1. Can you give the Kirkwood hydrodynamic radius for region A:113-162, in Å, rounded to one decimal and based on Cα pairs?
2. Hey, fewest Cβ within 10 Å first, where do A:R158, B:R102 land in order?
3. Rank the residues A:L223, B:L141, B:L191 as a footprinting-exposure proxy: fewest other Cβ atoms within 10 Å of their Cβ go first.
4. Quick one: grab Rg to one decimal and Dmax as a whole number for chain B, Cα atoms only, in Å.
5. Which value at 222 nm does chain B reach when only helices count, each DSSP H run of 4 or more adding -39,500 (n - 2.57), with the total divided by all residues and rounded to the nearest 500 deg cm²/dmol?
6. Which order do the peptides A:233-243, B:63-73 come out in when sorted by mean C-beta neighbours inside 10 angstrom, highest first?
7. How large is ³J(HN,Hα) for each residue in region A:303-312, as worked out from phi by the Karplus curve 6.51 cos²θ - 1.76 cosθ + 1.60 (θ = phi - 60°), to whole Hz, x for Gly and Pro?
8. In nanometres, what is the gap between the two model label sites at A:S5 and A:H251, each 7 Å from Cα along Cα-to-Cβ?
Amino acid sequence: MHELSRVMANEFMKLIHRLRMWFTVGLMLVVAIGLSVSGYMNYQNSLNSYSQASRQQVLGTQEQNLKKLEQELKDKKSSRKPSDIKKEIAVVRADIQSWKGLMQKEQQIRFGDWKTFFKNDLQKRTRDLKNSKLNVASAAKLEGKRLQMEYQLQHDERPLLLTEKSSYQATNEQMTNMSRIFLSILVVILVADMMSSETTHGTIKLLLVRPVSRLKIFFGKWLVSLTITLILGLGCFIVLFLTNLALYGSHGAFQPNFLGVSYSPMYVNDVNPGALNEHARLTLVPNYEHVTIIPDWQFIIFKACLNTLSMMVVATIVFLCSTAFRSSMISTSASLAVVVLGNLFQWTGFIDKFSKWVTGVTSNTYPILFTVAFLSLFSIVAVILASRHFNRRDVLNA
Amino acid sequence: MSALKLQNVTKKIGTKTIIHQLDLTVNAGEVYGFLGPNGSGKTTTIRMMVGLIKPTNGTISIGGYDIRSERAKALAQIGTIVENPELYSYLTGRKNLIHFARLAGISNMKARIEEVIEMVDIKEYVDDKVKTYSLGMRQRLGLAQALLGNPKLLILDEPTNGLDPEGIHDFRKLIRHLASTDIAVFISSHLLSEIELMCDRVAIIKSGKVITEQSVTSLIEQKTSGYQIQLKDTTLASSILKDQKIPYIQIDQQTLQVQLDEPRVQELIGFLVSQNIMIHSVQPIQETLEDQFLILTSDKGGVIRA
């Protein structure tokens, strides 16, 4: 154990003195902060169209339209038929009505007694849900909304309006973007030459002629690869969250979020529910049967942990490439190929399962515990096989 | 107990046999030269001694510990440079030493590092990054890392590569000093002059076989006078020499060099004359150790010694 910790101390020393380490950290900071800031700027832009003033403006134009149309109706000289004008007036009136309704609802939620409002709304939705005329997709959407409202009422958590995006929501979105390919590439940069650089530069000879067993060198390097991935992954998500926290503020930590929503592709018919005719379309329908609802702050911690864990599986694969190939360049290209192909093919969809499971954009084929168990077993078996090979092989030309 | 003992060591890679049944012994306090042309199997042998390559057959023991069954104990006895001293160029010399000291499991790391820095005289630049070092500076640092673990056996592969004359002088002094403290030193080289000045005993290896092992003094004493024979044409004469398994060197189209004593040269000349071969002249020459090495390792010489 003592020897293993000395091997690890050595690996960390080498790592922090290498340019690529600081390049990776720098890249991570730039991308994490950049992503948060650009997301915030987009949000600020969209705020304009949600603002009370712009809504008043829209309402004003529509009311002017209405006046014009009413005058046109009184004016006998108009070229259009009165019935057409009446139709148009009805449309504009309905529009004005719905705008007013929306603004009222927002006012109600924001400043009024949102709970009473919600209770009434919930009753209405429950009634609607019983209405058999709804198709599966709309019913599922309604069910999701209902569960969310129930949670908010139960936990006395006022729902956020579109103008009140939280740092948790932003972090959640950006985390998904980050972990797809960017973090995997950072892991490749850091880990791909962990072993192969020693072979390429010949230092492996001086490393393996010490009274420390080869297995300890191998596992020491592997553990350092995992640790640095852990630090990098969690560090990245923390930077992302802190930047968002600074930009959006701290509200919204206790908003509900769904865990374990499964989506299955189904034919949905908007006109005649259940019928498989020309109106049917294929769509992903959420299923809330085995769902757990947790607050947003827990959700993003859970997601960060699972994403980091899947990064560690990637790090293990990359480390194995580094041991298998003796040239840094080949091991780096091989690792990149594995990561990129892995994103294209289904089997690493499996590896990437953690994050997908959390974001929910997949059918629920494998439960999460099975996935964790499979990936751990896969990594351990692969590492044991590689370590045996490493322990036995001749160092002929390095 | 011998510091290093190889018994019947053979290495095959694929179907090719690189090392043939090698036997050798190095004692404590001895400086042992391992001499051979490039590609003769020196480095493969050294890699087997330090556990980088597994021998196909035979045993290697270091200070009585078998390199395979008691690897850690055996390697704890060794300090080594395998080929070039490849160090971490992005670290300073001192950090490199710390790195290897951790792996050697030294108890008083800091003090020992200062000691070896003093021994190989690298204090001036030990805190610079290794990428700024010259080859000679790297050799010294390589030697320093080899000495870190207080080895009983020092295995050095071409250690004076890249050293300037002063560096070579210092190096020899250090090696002799280490030997006087009962450390066994195993030095490989393709330069005889280097071995001649440093070693007590020398083995000459050719195509994976040890062709001679003797003390340097006996090697020098054996500087038997050779003879240069000038002929009209060497073709026939050289085939006769080959038939009789007499080692020779072809100097040019008309000159052959043989390593025989006087009566046998007379005998040879008589024989050549009886075969109607025209001889222009026969001259005794003073042979150097270098010539002997060339004869021993030349391909034209046939089998030298059983």
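1. 11.4 Å
2. Ranked by crowding around the Cβ, least crowded first: A:R158, B:R102.
3. B:L191, A:L223, B:L141
4. For chain B, the Cα-based Rg and Dmax read 22.8, 77 Å.
5. -11000 deg cm²/dmol
6. A:233-243, B:63-73
7. 5, 4, 5, 5, 4, 5, 4, 5, 5, 5
8. The two pseudo-label positions are separated by 4.9 nm.
No lab work stands behind these numbers, since they all come straight from the coordinates. The model shown is predicted, which means the values in this text are computed figures rather than measured ones. We place every Cβ from the backbone using ideal geometry, glycine too, and count neighbours over all the protein chains shown.
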